[in-house]
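The values are calculated or read from the model by the stated rules, or taken from the named source; none is laboratory data. Computed from a prediction, not measured in an experiment: that's the story for all the values here. Glycine also receives a Cβ, built like all others from the backbone with ideal geometry; neighbour counts cover every protein chain displayed.
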C-alpha cells in the first residue's frame, strides 16, 4: 500500500522562502519613498549648521573683543569671509548667518524678503521639494541686544 504525502518537504519550504525574500528585496524599494526623511535630515543639518555658526561667530567676537554688549552693527573676519554681526551675533541676512553657516544654494529656499545686508530681523530656512515648504522650515531671529538670537525648532510636517 502506498502512503500519500501529507505536506511539503523542508526543501520546498526553504525554496519558497528564498524566492519570497528575493522578490521582497527587489520590489520593496520601489514602494518605499524615503525622500521626506531625507528632506527632514537636510533640515536638521541646516539647523545644526546655523546654531553652530551663530555660537562660533559669537565666541570669535568675544575673543577678539569686538564691540561692546550693546546692539551695534559691525563685522568680523572668519575663515577668509567678513561676516556682518549685530550685538556679537550674525545678522539675519546673506552676509550674516547665511555666510557664517554655509547654508544656501539650490537645496534651500531662504526667505529674507525685504532684508538688506545691514538689517536685523528674521530669516526663514526652508528645504525645497517637500509638499509644503512652510511646514519644512525653521527661522533665525537676530538678537535684540538683550538675548542671543532665537533659532526656532525645525518644523518637519511638510517635508
(Q) Condition first: assigned to a helix (DSSP H, G or I) and surrounded by fewer than 10 Cβ atoms within 10 Å (Cβ to Cβ). Now tell me which residues in the stretch 30-51 satisfy that. (A) 30, 31
Q.
List the strands (runs of 3 or more DSSP E) inside the stretch 54-129, counting only whole elements, that have at least 1 residues being modelled with pLDDT of 80 or more, in contact with a helix residue (DSSP H, G or I) (Cβ under 8 Å, 6 or more places away or on another chain) and under 16 Å from residue 148 (Cβ atoms).
A. 81-86, 122-127
Q | Number of positions in the stretch 136-159 that are touching a strand residue (DSSP E or B) at 6+ places or on another chain (Cβ under 6 Å) and either part of a loop (DSSP other than H, G, I, E, B) or at pLDDT below 80 (or both) | A | 6
